[in-house]
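The values are calculated or read from the model by the stated rules, or taken from the named source; none is laboratory data. Here the structure is a predicted model, which is why all the values come from computation and not from measurement. A quick note on method: Cβ atoms are made from the backbone with ideal geometry, for glycine too, and the neighbour counts reach across all protein chains shown.
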Amino acid sequence: MSAGAGLDPLQSLYRSPREAMEAPPEQLAYVALLDPDAIAVVDVDPGSATYGQVVGKWDAPDQGNEFHHYGWNVCSSALGGDHHHGALERRYLVVPGIRSSRIYVLDTGPDPRHPTLVKTVEPAEVLERSGYSRPHTVHCGPHGLFVSALGHASADGEGGPAGIFLMDHDTFDVLEPWERDHGPQTYAYDFWWSVEANTLVASEWAPPALVENGLDAGALVNRRYGHRLHFFDLENRRHLQSIDLGDQHQMALEVRPAHDPSKTYGFLGVVVDVTNLASSIWTWYRENGRWHARKTIEIPATPLDPEKLPSLLQGFGAVPPLVTDIDLSLDDHYLYVACWGSGELRQYDVSDPFQPRLNGQIELGGLLHRARHPSGQPFAGGPQMVEVSRDGRRVYGTNSLYGSWDPQFYPEGIPGAMYKVNVSETGQMALEEGFLVQFPGHRAHQVRLQGGDCSTDSFCFTS
């Protein structure tokens, strides 16, 4: 597919990151909405008469799901090896509900602006066949669809390890738990892989009891949230190694490997250091046959009058950055870091992954900045989920973290909103004044881009 051709979303698979970067830009964005649960379709084609508007919407027939990191049925990894045997169409959105353990499959093929429900995987099937509950993140990869789950297959999600399960690419049946040997891994959150190293990398959030009812400040101070990285043999599904970041580094969340499959490094975002409220980014890498992790970015907390803070933070007298999402451009050049607490979207030059350099920053919302959107409209919450276009020239973001956590930090409420940042050829960022999408009556979370994006695709061939 050449850069001059029109976007064919059903054939948007690419052999290499470079090929994906040169493909036509996205025309639509799909946005997970919460309370009530829905998927909104936003026109992101600047040449369209409905640019920056919601042009379609699917409302979930059941509520109380809490949609987070849903994904496509296939991605570019399907072009490598013996990974997939069905139709190679990036067509279906696989949408798990954390709280319900229900999974919806939506077809965007007939009318991309109006996804239709084609299958519902009920909670009983998820629990019985996977051994897990609370499905969270979907990735297409070797052997099928990978889905991480925050809980064990019990009513409260406790009593056993969380982990990853497989779904069939074509029937969307739940197949089996992915791991054959968990090793010491107990908590789960995000995951991805280094194809060249035949390694899956997984991170940790917390057991359901420390997630579903809001942030437990006592458990946080007592260092009961996740703080380890786990490395598995991708082919044999067996645990290889754990790296403990130190239990002061609480909530090891997003895993972002280099997109070039020949590179054996990536990045991890850590929400908070309980000794100083700082957030951090770690570079994980392989050296001499072993995996290592090094803290390469630390973002400090900022002192603030306690009267300007929510009750949860008043005793600290400071605003923690709260890095809750990171995303890496397809050329492995820029890492985008969302500081949901302070209200910042930071851009780091990570062309040297061990010496990141802050290249730019925008301020939007946040407990620290309370910055308005350049349109003049207030922005509730702060930059949270981040999605980068394949060519790296556009960054989209939303503002909600999690249903029971949002009011702890932003008790005034977080009406759903989506913003857009334009990125120049030299990396300068600018919020687009005319792009602020409102979702009345909803909160907004994960963004997926038509044709793929930087937190969806993995590749089997170098550029």
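I'm trying to understand the selection: among the residues of the stretch 64-80, which are more than 22 Å from the chain's Cα centre (by Cα) and in a loop (DSSP other than H, G, I, E, B)?
Gly80 - this is the single residue of the stretch 64-80 that is more than 22 Å from the chain's Cα centre (by Cα) and in a loop (DSSP other than H, G, I, E, B).
Within the set of pairs 6 or more residues apart or between chains, which connect a residue that is among the basic types (Lys, Arg) inside the stretch 206-235 to a residue that is assigned to a loop (DSSP other than H, G, I, E, B) and surrounded by fewer than 22 Cβ atoms within 10 Å (Cβ to Cβ) with Cβ atoms less than 6 Å apart?
Arg223/Asp247
Do you know which residues across the stretch 104-127 are under 30 Å from Asp45 (Cα atoms), buried (at least 17 other Cβ atoms within 10 Å of the Cβ), out of contact with any Pro (no Cβ under 6 Å at 6 or more places or on another chain) and β-branched (Val, Ile, Thr)?
Selection gives Val105 alone.
Given Gly214, Gly218, which one is part of a helix (DSSP H, G or I), over 30 Å from Ser389 (Cβ atoms), out of contact with any Leu (no Cβ under 6 Å at 6 or more places or on another chain) and modelled with pLDDT of 95 or more?
Gly218
Return the total of residues in the stretch 390-407 being over 14 Å from the mean Cα position of the chain (by Cα) and more than 21 Å from Tyr189 (Cα to Cα).
Residues in the stretch 390-407 being over 14 Å from the mean Cα position of the chain (by Cα) and more than 21 Å from Tyr189 (Cα to Cα): 6 in total.
For the stretch 128-164, name all the residues that are surrounded by 16 or more Cβ atoms within 10 Å (Cβ to Cβ), free of Cβ contacts under 8 Å to residues at least 60 places away in the same chain, of a type in the set (A, V, I, L, M) and farther than 13 Å from Gly97 by Cα.
Ala153, Ala162, Ile164
Could you give every pair whose Cβ atoms fall below 7 Å, whose first residue belongs to the stretch 325-352 and is at positive phi and buried (at least 24 other Cβ atoms within 10 Å of the Cβ), and whose second residue is hydrophobic (A, V, I, L, M, F, W, C) and not in a strand (DSSP E or B), counting only separations of at least 6 or pairs across chains?
Gly343/Leu364; Gly343/Leu367; Gly343/Leu368
Report, by residue number, each residue of the stretch 368-385 that is over 22 Å from Glu254 (Cα atoms) and either part of a loop (DSSP other than H, G, I, E, B) or not small (Gly, Ala, Ser) (or both).
Leu368, His369, Arg370, Arg372, His373, Pro374, Ser375, Gly376, Gln377, Pro378, Phe379, Ala380
If you go through the stretch 399-413, how many residues are surrounded by fewer than 16 Cβ atoms within 10 Å (Cβ to Cβ) and farther than 18 Å from Leu220 by Cβ? Write out each step before concluding.
Residues of the stretch 399-413 surrounded by fewer than 16 Cβ atoms within 10 Å (Cβ to Cβ): 404, 407, 411-413.
Then keep just the ones that are farther than 18 Å from Leu220 by Cβ; that gives 411-413.
Residues meeting the conditions: 3.
Return the pair list, or none, for Cβ contacts closer than 8 Å from residues in the stretch 10-32 that are in contact (Cβ under 8 Å) with a residue 12 or more places away in the chain and within 23 Å of Gln384 (Cα to Cα) to residues that are surrounded by 18 or more Cβ atoms within 10 Å (Cβ to Cβ) and of a type in the set (Phe, Trp, Tyr), at least 6 apart or on different chains.
Ala29/Tyr396; Val31/Phe439; Ala32/Phe67; Ala32/Tyr70
Pick out the one residue from Tyr419, Tyr402 that is modelled with pLDDT of 95 or more and assigned to a loop (DSSP other than H, G, I, E, B).
Criteria check complete, one pass: Tyr402.
Please state which one of Gly382, Gly427 is surrounded by 23 or more Cβ atoms within 10 Å (Cβ to Cβ), farther than 16 Å from Ala40 by Cα and modelled with pLDDT of 95 or more.
None of the other options fit; the residue is Gly382.
Looking only at the stretch 270-290, which residues are among the β-branched types (Val, Ile, Thr) and out of contact with any strand residue (DSSP E or B) (no Cβ under 7 Å at 6 or more places or on another chain)?
Matches in the stretch 270-290: Thr275 only.
All but one of (1) assigned to a helix (DSSP H, G or I); (2) modelled with pLDDT under 95; (3) of a type outside the set (A, V, I, L, M, F, W, C) hold for Glu125; which doesn't?
(2)
Can you give me the number of residues within the stretch 276-313 that are assigned to a loop (DSSP other than H, G, I, E, B), in contact (Cβ under 8 Å) with a residue 60 or more places away in the chain and under 17 Å from Glu344 (Cβ atoms)? Let's see the steps before the verdict.
Initial filter on the stretch 276-313 (assigned to a loop (DSSP other than H, G, I, E, B)): 276-278, 288-289, 300-301, 304-305, 309-310.
Still in the list and also in contact (Cβ under 8 Å) with a residue 60 or more places away in the chain: 304, 310.
Right, trim to under 17 Å from Glu344 (Cβ atoms) and you get 304.
Total satisfying the criteria: 1.
Test each condition in (1) buried (at least 21 other Cβ atoms within 10 Å of the Cβ); (2) out of contact with any helix residue (DSSP H, G or I) (no Cβ under 8 Å at 6 or more places or on another chain) for Gln361 and report the one that comes out false.
All conditions are met except number (1).
What residue, among those in the stretch 321-345 that are part of a loop (DSSP other than H, G, I, E, B) and out of contact with any Ser or Thr (no Cβ under 7 Å at 6 or more places or on another chain), is farthest from Glu387 (Cα to Cα)?
Step by step, filter the stretch 321-345, then rank; the result is Gly341.
For Phe461, are the conditions met, namely being modelled with pLDDT under 95 and either surrounded by fewer than 21 Cβ atoms within 10 Å (Cβ to Cβ) or more than 24 Å from Pro25 (Cα to Cα) (or both)?
On the way: modelled with pLDDT under 95: yes; either surrounded by fewer than 21 Cβ atoms within 10 Å (Cβ to Cβ) or more than 24 Å from Pro25 (Cα to Cα) (or both): yes.
Judged against the criteria, Phe461 is a match.
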